[in-house]
1. In region 15-122, with Lys and Arg counted as +1 and Asp and Glu as -1 at Cβ, which of these residues, Val64, Tyr80, Gly105, has the Cα nearest the positive end of the dipole, that is, farthest along it?
2. Measure of size requested: the Rg and Dmax of the chain, with Cα atoms as the atom set and Å as the unit; please supply both.
3. Excluding same-chain residues fewer than 8 positions from Lys76, which aspartates and glutamates have a Cα within less than 20 Å of its Cα?
4. What dipole magnitude, in Debye to the nearest 20, does region 1-114 give about its Cα centre under +1 on Lys/Arg Cβ and -1 on Asp/Glu Cβ?
5. Nothing charged except the Cβ atoms of Lys and Arg (+1) and of Asp and Glu (-1): what's the magnitude of the dipole of region 22-88 about its Cα centre? Round to the nearest 20 debye.
Amino acid sequence: QVQLVESGGGLVQAGGSLRLSCAASGRTFSSYAMAWFRQPPGKEREFVVGISWTGARTYYADSVKGRFTISRDNAKNTVYLQMNSLKPEDTAVYYCAADNLLRLGVGDYEYWGQGTQVTVSS
């Protein structure tokens, strides 16, 4: 079992930055691939970025490449999402997810956090 708790969301102006954190419980955090998804208002949840359990592999959605960076600290059981050059279309609830493999689908992940709201004003 893995429990995930996101933090770091908030209101920011376009062009600004935020850093999200996802703290995981459980001794096997380091064996899980981690990902961030987001759900904009009125839309379906979508993949943003994922990282393998070693941190050696990452995969970014085209919409965030060059602006967002995922990282993980297995000693702290935490995964981070650094978001720079934020745009109004980045406004969404951001969710952290964990599973055995790094994949792109919402249905591929067994464990989810409760989400944190990110709002980017124009």
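Any read-out appearing in this document is the output of simple, stated calculations on the displayed coordinates, not a laboratory observation. Since this is a predicted model, take the numbers as computed values, not measurements. Don't worry about glycine lacking a Cβ; one is built from the backbone with ideal geometry, like all the others, and counts go over all protein chains shown.
1. Farthest towards the positive end: Tyr80.
2. 13.2, 41
3. Cα-Cα hits under 20 Å: Glu6, Asp99.
4. Dipole of region 1-114, to the nearest 20 debye: 260 debye.
5. 60 debye
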